[in-house]
Every structure is written in C-alpha cells, then in structure tokens.
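The values are calculated or read from the model by the stated rules, or taken from the named source; none is laboratory data. Please read all numbers here as calculations on a predicted model, not as lab measurements. Note that we place each Cβ from the backbone using ideal geometry, even for glycine, and neighbour counts take in every protein chain shown. Keep in mind that these areas ignore ligands, DNA and RNA; they rest on the heavy atoms of the full protein, side chains included. Shrake-Rupley method; radii C 1.70, N 1.55, O 1.52, S 1.80 Å.
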Amino acid sequence: MLALPFKRPDGDADWAGALDRYIRRAYSARQADAHAAAGRLVDETRRLAFAQPLTEKTAGLLRAALLRYLRLLGSLERRFDLGELELASVWRSAFNPSAKQREPSAQFERAAALYNLAAVLSFEATAEQRSDADGIRRACQLLQLAAGLLDRLRELVAAEWAGGARCGDLCDATLDAMRTLLLAQAQRCYYE
C-alpha cells in the first residue's frame, strides 16, 4: 500500500505577530496585549503539528496536533477576517521538496494542514495490521477518511485559488489522482 507524502513548511508562519498587528489595527493595543498568549499558542500548535517526522510512533501525535491546529484555524476564522491578516506561509511540495509556494493566505495554511492530515491517515492505514478482519476494516476506514479529506481539500483549493498557480500536490488533477488511489486501496482491503 502507498501512503501520501507529508508536506513540510519552509520556515515558521508568525501567527502571534500577525494576530497582534491585526488586533492592534482593528481593536486596540490593550486588546492585543491581552490576547498575545493566544497568538503564541497558535504558533506552538502549528510547530507541534508539522515539526515531527511521520513514523509509526508519531502518527497518532501528529494526527491529534493537526486536528487541534485545524480547530484553532476554524476558531480564528469565526472571530477574525483572516483575509485581512498579514500572514504569509511558505510550503514545500510533497512530491518535489525543492518546489516552494508562498501564499499570503490563512486558507493556504488550512489547505496544507488538511493535506497533511490526509497523509497521516493514509500512513496509519498502511501501518495497520491487515491479518484479521478488524485490521482490514480500520485500514479501509482510514483510507476512506483520507480520500474524503482530499475531496474537501479540492473544494477549498478550487474556491480559493481558481485559476491560480499552485504547487503540484495541490492541483486538481493531482488531488483527484491521490483520492482515486486511496479509494482503490480501500477497495483492495475489502478483497483481502
């Protein structure tokens, strides 16, 4: 079975600084100072979600950290206009690490996190012991979940960057091919 490769950030995204500047501009310096710890929490959660290598020992931790990071991004999106946030992140392509993409968008950060969550789920599926019915069922379910995340990612990417240049791992054709591969592997589990 094949797992999706993990996407790596190139440097840190300064959430604490971006949130501080936004809150100072939109609200007040006092409010910005009161929420400085929250910005540092987002930075730390991001670091935990992307700093570790993907192995059998770290897969569960990475999944939990990515889910927490995605929840934080959702919470920030409900509270702030992330389009006005001066945050630029740089990500390396999962298939060609020398290729980088820089986007001044929090949605790009969400797209990278969703992709990496799909990669973790596909990795966990390949590591699953498929010698009994429960292992086969878990592997099949993880592969289907990863394919569903890629569907969601495709919608997000199409809405955010319609017609724009993207890394090869986030273009429609690649996401569709990876989704099809994951579903084919899930179907193969059924026949094991």
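Would you tally the net charge around Leu114, using a Cβ to Cβ cut-off of less than 11 Å, leaving Leu114 out, and scoring K and R as +1, D and E as -1? Don't jump to the answer; show the numbers that get you there.
Numbers: positive: Lys7, Arg110, Arg152, Arg154; negative: Glu109, Asp151, Glu155.
Combined, the nearby Lys, Arg, Asp and Glu give +1.
For the stretch 1-102, the Stokes-Einstein estimate of translational diffusion at 20 °C and a viscosity of 1.002 mPa s comes to 143 µm²/s, using the Kirkwood hydrodynamic radius over alpha-carbon pairs.
Computed from Cα positions, the angle between helix 36-50 and the longest principal axis of the chain comes to roughly 20 degrees.
By accessible area of protein heavy atoms, probe 1.4 Å, what ranking do Lys57, Lys7, Lys100 get, highest first?
On the way: Lys57 185, Lys7 0, Lys100 110 Å².
So the residues, ranked largest to smallest area, are Lys57, Lys100, Lys7.
Taking only the Cα atoms of the chain, how large is their convex hull per residue, in Å³? Each step should come with its number before you reach the end.
On the way: hull volume 21.0 nm³, N = 192.
Taking the convex hull of the Cα positions in the chain, it is 109 Å³ per residue.
In the assembled protein chains, Asp14 presents an accessible area of approximately 80 Å² (probe radius 1.4 Å).
Expressed as a fraction of 2.2 N^0.38 Å, the C-alpha radius of gyration for the stretch 84-192 is 1.18.
Using a 1.4 Å probe and counting only protein heavy atoms, arrange Thr45, Thr126 so the residue with the most accessible area comes first. Provide the component values of the computation, followed by the final result.
Numbers: Thr45 5, Thr126 40 Å².
Sorted descending by solvent-accessible area, the residues read Thr126, Thr45.
Computed on the Cα trace of the stretch 1-54, the radius of gyration divided by the Kirkwood hydrodynamic radius gives Rg/Rh = 1.19.
Give the residues of the stretch 76-91 whose amide nitrogen is closer than 12 Å to a point set 7 Å from the Cα of Gln31 in the direction of its Cβ. Only 79-81 fall inside the zone, counting backbone N under 12 Å.
When only the heavy atoms of the protein chains count and the probe is 1.4 Å, how do Glu86, Glu77 rank by accessible area, highest first? Could the numbers behind the result be given before it?
On the way: Glu86 105, Glu77 80 Å².
These residues rank, largest area first, as Glu86, Glu77.
For the stretch 115-165, what percent of Cα pairs sit more than 15 Å apart?
Working: 651 of 1275 pairs.
Cα-Cα pairs in the stretch 115-165 separated by more than 15 Å: 51 percent.
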